[in-house]
Protein chains: 2
Amino acid sequence: MTHRSVVLRRRPAGVPVPEDFEVVEARQEPLADAHVRVENVAISLDAGFRHWMNEGAGDHVLPAMQIGDPVMGLTVGRVVDSRHGSFAEGDVVVARLGWQEVATFNGDTQLIKIRVDNRLQVDLAAHLGILGDTGLSAYFGLFDHGRPVAGETVLVSAAAGAVGNVAGQMAKILGCRVVGITSDENKARFLTETLGFDATINRRGDVDAQLSATCPTGVDVYFDNVGGRVLETVLDHLALGARIALCGAVATYNDSEKAPGPSNLFNLVTKQATMTGFLTHYSHDRYEEARDKIIDWMNDGRLVNVEHRLHGIENVGRAFCDMFNGKNLGKTLVELKPTSAVAH
Amino acid sequence: MTHRSVVLRRRPAGVPVPEDFEVVEARQEPLADAHVRVENVAISLDAGFRHWMNEGAGDHVLPAMQIGDPVMGLTVGRVVDSRHGSFAEGDVVVARLGWQEVATFNGDTQLIKIRVDNRLQVDLAAHLGILGDTGLSAYFGLFDHGRPVAGETVLVSAAAGAVGNVAGQMAKILGCRVVGITSDENKARFLTETLGFDATINRRGDVDAQLSATCPTGVDVYFDNVGGRVLETVLDHLALGARIALCGAVATYNDSEKAPGPSNLFNLVTKQATMTGFLTHYSHDRYEEARDKIIDWMNDGRLVNVEHRLHGIENVGRAFCDMFNGKNLGKTLVELKPTSAVAH
């Protein structure tokens, strides 16, 4: 009884390449007491996990990944065997079970059971995307930390990305003017024509001039997924009382040395502005509230689920690397084929 | 009829020196319609004004200072002549009337009348310090933006300075553990022995190691007056949910080029932390509330007014320069002698 895993072959130097990862056959261990065996249905690709691939990156949030271990990543799957009282065969769980077809974990600490909502016809993989960390990050980041009100200008970076497109759509639902920063014209067209963004900025162009043109009264809310130089430029365009929600900093994840931060942080003082970082799991007790809202908006046709799906665990490594080339639109997921290793 | 002013002789290159300023005799102009003449009683010295001495530093907050003009600065004084209906001889006003013995300004835009509170025996100059922008910055920065609760660890930089010592004392009144960062052992002793701070950190030493020792559970609130490298180091010691109130950045005011910002801003994300800049004048409608609290605490003997007073306008320039050498304890004020130029 074997299954396939993708392990960290070596630590990426800068931008990850497919050779940093390797598909291996893994033997299935006997199920220990209090443990649960899960067959993963899909793997979520999240640029943020790049951070913990570095040597010594372990912190209070996550441990550093180890060479030879399955790569850490969020998955959704079905319980196929359980020696834990809280989980039964058939339960759907979302957890950080790694890039593996089958995973065995301690049910006390690792698994989150998902109530599958019958109001919405989505498959299980959506619980990694718009109904999972991606959608929840957009929701809590925008509403709790960005705190926009109708009519304000909301700027989103990596706006065609997994979290950015959802944050921008939510700001539109609220009645804001939404400007998206993205990296190419195809994405820009998608944001304005399909998702209803009011304007876009190409981050490869003169961001400062484009900000002056598209946000003439300043940026009230900046939902930031990239950090780095774009953040520094935006700090010169804040409206009085601006709120910056720091969701991530994809621009810096691959730096081997820490890049300097914005030289103009003092603008926070003169604009009485706030910058707040957040991790969605600190809002765990409000996941259901957020999911209910997201499902309502999807059912009303106001929130579009933008996904890029690949198939087969052999494609996970390459798909992860592609994220840093800005090739994908929306949430990137890899669906797994049912394995022959697990009877069900 | 003449009075003395201190004008900007040239723009400081880096740290200001006394030769950047010059005392001049100025002629008293006739009082135009809607204008008010004020005899200044004291001048406040505020490091933050250094910023607007730079070429092209004008922004939405203040214009850049001009060479040959009286240096911008906050003053408290008495109206000695008025052609404006809202002001009468004898009124006390706090305003940005500059380093001048006598100033003439438009009463519609420039002057703030002060209600002199009889509950407290302080002289007028205190309205530039603990009852003025200094005390109000500590109050609004700490309570609105730092939002400490009893038992939390509050860290204050430039803790023996004008705003810092007040913020630290207020956090003690609230029941917090207060740690002050300062630049020498005399100041450190004053903070712990006279003001009741729990611990101090010498910023000329190993700040990182001292933070580990004095804030073992992390910093819940950082009241920051200095920015720069100290801010970067503190960002590595945040407690979960930390709040940073950015009051100023004295470490960077003298830089001719903008220094890079903190390279570890991403810590705001992993600690779900907030960084908020503020300017006290945006809380103008709550000045009375804050002053009442401050007066009560002073009357109860729980809040000590720490001042460094000099005398005579000829000393303003040198006193301003000394602030950047970290020589002063508490609020620096220059009291002016009544001039012979004004009859009253």
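Numbers at a glance
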{"quantity": "The one condition in (1) farther than 26 Å from B:Gly241 by Cα; (2) within 14 Å of chain B (Cβ to nearest Cβ) that A:Leu45 fails to fulfil", "calculated": "(2)"}
{"quantity": "Of residues in region A:41-57 being touching a residue at least 12 places away in the same chain (Cβ under 8 Å), farther than 30 Å from A:Asp81 by Cα and over 16 Å from the mean Cα position of the chain (by Cα), the one surrounded by the most Cβ atoms within 10 Å (Cβ to Cβ)", "calculated": "A:Met53"}
{"quantity": "Among (1) at the interface with another protein chain (Cβ under 8 Å from one of its Cβ atoms); (2) within 19 Å of the chain's Cα centre (by Cα); (3) surrounded by fewer than 23 Cβ atoms within 10 Å (Cβ to Cβ) - the single one B:Asn305 does not satisfy", "calculated": "(1)"}
{"quantity": "Test: B:Val163 is in a helix (DSSP H, G or I), crowded, with 22+ Cβ neighbours inside 10 Å, in contact (Cβ under 8 Å) with a residue 60 or more places away in the chain and β-branched (Val, Ile, Thr)", "calculated": "yes"}
{"quantity": "Any hit, region A:58-71, residues being under 22 Å from A:Ser137 (Cβ atoms), away from every other protein chain (no Cβ under 14 Å) and either surrounded by fewer than 22 Cβ atoms within 10 Å (Cβ to Cβ) or of a type in the set (Ser, Thr, Tyr) (or both)", "calculated": "no"}
{"quantity": "Any hit, region B:86-95, residues being under 24 Å from the mean Cα position of the chain (by Cα), of a type in the set (S, T, N, Q) and either closer than 23 Å to B:Leu131 by Cα or in a loop (DSSP other than H, G, I, E, B) (or both)", "calculated": "no"}
{"quantity": "Filter result for B:Val122 (closer than 28 Å to B:Leu174 by Cβ, of a type outside the set (Phe, Trp, Tyr) and touching a residue at least 60 places away in the same chain (Cβ under 8 Å))", "calculated": "yes"}
{"quantity": "Any helices (runs of 4 or more DSSP H) falling wholly within region A:180-293 and containing at least 3 residues that are under 22 Å from B:Ile244 (Cβ atoms), within 13 Å of chain B (Cβ to nearest Cβ) and modelled with pLDDT of 90 or more", "calculated": "A:228-235, A:267-270"}
{"quantity": "Filter pass, B:Glu89 being surrounded by fewer than 21 Cβ atoms within 10 Å (Cβ to Cβ) and in contact (Cβ under 8 Å) with a residue 24 or more places away in the chain", "calculated": "yes"}
{"quantity": "Among the candidates A:Asp322, A:Asp296, residue that is in a helix (DSSP H, G or I), of a type outside the set (Lys, Arg) and modelled with pLDDT of 90 or more", "calculated": "A:Asp296"}
{"quantity": "Test for A:Val38: is it free of Cβ contacts under 8 Å to residues at least 60 places away in the same chain, surrounded by 15 or more Cβ atoms within 10 Å (Cβ to Cβ) and either among the polar types (S, T, N, Q) or over 26 Å from A:Lys258 (Cβ atoms) (or both)", "calculated": "no"}
{"quantity": "Those residues of region B:173-191 which are more than 19 Å from B:Lys331 (Cα to Cα) and touching a Phe, Trp or Tyr at 6+ places or on another chain (Cβ under 8 Å), in sequence order", "calculated": "B:Ile173, B:Val178, B:Val179"}
{"quantity": "Every residue from region A:210-236 that is hydroxyl-bearing (Ser, Thr, Tyr) and surrounded by 22 or more Cβ atoms within 10 Å (Cβ to Cβ)", "calculated": "A:Tyr222"}
{"quantity": "Only listed residue being among the small types (Gly, Ala, Ser) and surrounded by fewer than 23 Cβ atoms within 10 Å (Cβ to Cβ), chosen from A:Ala273, A:Ala245, A:Ala239", "calculated": "A:Ala239"}
{"quantity": "Selection count, region A:105-115, where residues are surrounded by 13 or more Cβ atoms within 10 Å (Cβ to Cβ), assigned to a loop (DSSP other than H, G, I, E, B) and modelled with pLDDT of 70 or more", "calculated": "2"}
{"quantity": "Condition met for B:Gly98 (buried (at least 20 other Cβ atoms within 10 Å of the Cβ) and in a loop (DSSP other than H, G, I, E, B))", "calculated": "yes"}
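Quick grid of which residues meet (1) modelled with pLDDT under 95; (2) basic (Lys, Arg):
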residue	(1), (2)
B:Arg27	yes, yes
B:Pro30	yes, no
B:Gly48	yes, no
B:His51	yes, no
B:Gln100	no, no
B:Ala103	yes, no
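The values are calculated or read from the model by the stated rules, or taken from the named source; none is laboratory data. For clarity, every value in this text was computed on a predicted model and none was experimentally measured. Cβ atoms come from the backbone with ideal geometry, glycine included; neighbour counts cover every protein chain shown.
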